[in-house]
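Asks: Handing you a structure now.
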Amino acid sequence: MARRMLVAGNWKMHGVRSDLGEITAISMAAETENGTDVAVCVPFTLIERAVAAAPGFVIGAQDVHASAKGAHTGDISAAMLADVGAEIVIVGHSERRAAHHETNADTAAKADAALAGGLDVIVCCGESLEVREAGKAVATVCDQIIASLPGTVDPARMAIAYEPIWAIGTGKVAQPSDVAEMHAAIRARLAKEHGDETAANMRILYGGSVKGENAAELFAMEDVDGALVGGASLTAAQFVPIIDAAKN
């Protein structure tokens, strides 16, 4: 069975009440995209209002705590996210790993908590420019993603997002040959660690300055099953062409 494309937006620390019209417009466009899954992960403060602004559309979060509850000031649990209508959450994004010093083990624990709380998960991985230039990108990313996966790896409830750190928000996109090599390597490593069926069904997204202009080329690759989109997901005008590219 062919893997369904997934295009997920990551609004990062952007978005207030006045931006909800963009969510509505994106959701309306997504309704016409048969065979393509679309989601937008917004700041915690917008989740409930985004769900109300786009009924039936998948709204997600950008982080979750590994504990179900407790003395964790400022953190949000999976149950809290589900309570306000989130259906999916991003874990292990390079910006969390760098700014908050999150490890592979932290990412795996968060993924476990999210799945236990009823949320689907996008697990992120990616290499620095220094690692890429040292010729260690494939080995580093494959080791990272395997160590960051939850205890139960279920392709029906999760996806992997490969985002070369040096391409996030910079306007730079990895060369097509590099993307193809990395996605194929991740799938091969999944097969080795978790079996052929899991690997065949796991969606592997590309992220890193994805735009309407380059999405079609990326999505044409055999092992690219969609995208995790940052800045271009903030408006329907920029995000819908990426969704259209996934459909085609």
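Asks: Among the listed residues R96, R132, identify the single one that is modelled with pLDDT under 95 and outside any strand (DSSP E or B).
Replies: Working: R96 fails: modelled with pLDDT under 95.
It is R132.
Asks: Shifting gears a bit: Condition test on D143, is it among the charged types (D, E, K, R), assigned to a helix (DSSP H, G or I) and either at pLDDT below 95 or more than 17 Å from C125 (Cα to Cα) (or both)?
Replies: Numbers: among the charged types (D, E, K, R): yes; assigned to a helix (DSSP H, G or I): yes; either at pLDDT below 95 or more than 17 Å from C125 (Cα to Cα) (or both): no.
The answer is no for D143.
Asks: Can you spot a residue in segment 173-185 that is charged (D, E, K, R) and surrounded by 18 or more Cβ atoms within 10 Å (Cβ to Cβ)? It would help to see each step written out before you state the result.
Replies: If we filter segment 173-185 for residues that are charged (D, E, K, R), which is where we start, we get 178, 181.
Now drop any that are not surrounded by 18 or more Cβ atoms within 10 Å (Cβ to Cβ), which leaves none.
No: zero hits.
Asks: I'd like to check something: does segment 148-160 contain any residue that is assigned to a helix (DSSP H, G or I) and at pLDDT 95 or above?
Replies: Yes, because at least one residue in segment 148-160 is assigned to a helix (DSSP H, G or I) and at pLDDT 95 or above.
Asks: Would you point out which residue out of E217, E222 is touching a helix residue (DSSP H, G or I) at 6+ places or on another chain (Cβ under 7 Å) and on the phi < 0 side of the Ramachandran plot?
Replies: Working: E222 fails: touching a helix residue (DSSP H, G or I) at 6+ places or on another chain (Cβ under 7 Å).
Checking each option against the conditions leaves just E217.
Asks: If we keep just the residues of segment 57-79 that are touching a Gly at 6+ places or on another chain (Cβ under 9 Å) and among the aliphatic types (A, V, I, L, M), which is surrounded by the fewest Cβ atoms within 10 Å (Cβ to Cβ)?
Replies: Ranking the qualifying residues of segment 57-79, first place goes to A68.
Asks: Here's something else I'd like to know. Just give me the residues in segment 201-216 being under 14 Å from M5 (Cα atoms) and either without any contact (Cβ under 8 Å) to a residue 12 or more places away in the chain or part of a helix (DSSP H, G or I) (or both), in sequence order.
Replies: Result: N201, A215, A216.
Asks: OK, next. Do you know which of the residues in segment 17-27 that are out of contact with any Pro (no Cβ under 9 Å at 6 or more places or on another chain) and free of Cβ contacts under 8 Å to residues at least 60 places away in the same chain is surrounded by the most Cβ atoms within 10 Å (Cβ to Cβ)? Full working, then the answer.
Replies: First pass over segment 17-27, keeping only residues out of contact with any Pro (no Cβ under 9 Å at 6 or more places or on another chain): 17-26.
After this cut, where a residue has to be free of Cβ contacts under 8 Å to residues at least 60 places away in the same chain as well, the list is 17-18, 20-21, 23-24.
Details: R17: 10, S18: 7, L20: 17, G21: 12, I23: 24, T24: 16.
Among those residues, the one meeting the criterion is I23.
Asks: Kindly indicate whether any position in segment 186-197 is modelled with pLDDT of 95 or more and not in a helix (DSSP H, G or I).
Replies: Initial filter on segment 186-197 (modelled with pLDDT of 95 or more): 186-197.
Cutting the leftovers down to not in a helix (DSSP H, G or I) gives us 195.
Checking segment 186-197: at least one residue is modelled with pLDDT of 95 or more and not in a helix (DSSP H, G or I).
Asks: Kindly provide the set of residues from segment 39-56 that are surrounded by fewer than 19 Cβ atoms within 10 Å (Cβ to Cβ) and among the small types (G, A, S), ordered by number.
Replies: A52, G56
Asks: Hey, another quick one. Just checking, which of D225, D244 is within 19 Å of G92 (Cβ to Cβ), in contact (Cβ under 8 Å) with a residue 40 or more places away in the chain and either hydrophobic (A, V, I, L, M, F, W, C) or buried (at least 17 other Cβ atoms within 10 Å of the Cβ) (or both)?
Replies: Values: D244 fails: within 19 Å of G92 (Cβ to Cβ).
Exactly one residue qualifies, and that residue is D225.
Asks: Let me ask you something else. From the set of residues in segment 204-221 that are surrounded by 21 or more Cβ atoms within 10 Å (Cβ to Cβ) and hydrophobic (A, V, I, L, M, F, W, C), which is nearest to N248 (Cα to Cα)?
Replies: F219
Asks: Just one of A108, A86 is among the aliphatic types (A, V, I, L, M), in contact with a helix residue (DSSP H, G or I) (Cβ under 9 Å, 6 or more places away or on another chain) and closer than 30 Å to L129 by Cβ; which is it?
Replies: Numbers: A86 fails: closer than 30 Å to L129 by Cβ.
Just a single option satisfies the conditions, and that option is A108.
Asks: Which one of the conditions (1) at pLDDT below 95; (2) in contact with a Leu (Cβ under 7 Å, 6 or more places away or on another chain); (3) closer than 23 Å to K110 by Cβ does I168 fail to meet, given that it meets all the rest?
Replies: (2)
The values are calculated or read from the model by the stated rules, or taken from the named source; none is laboratory data. Owing to the predicted nature of the structure, the values given are computational and were not obtained by experimental measurement. Cβ atoms come from the backbone with ideal geometry, glycine included; neighbour counts cover every protein chain shown.
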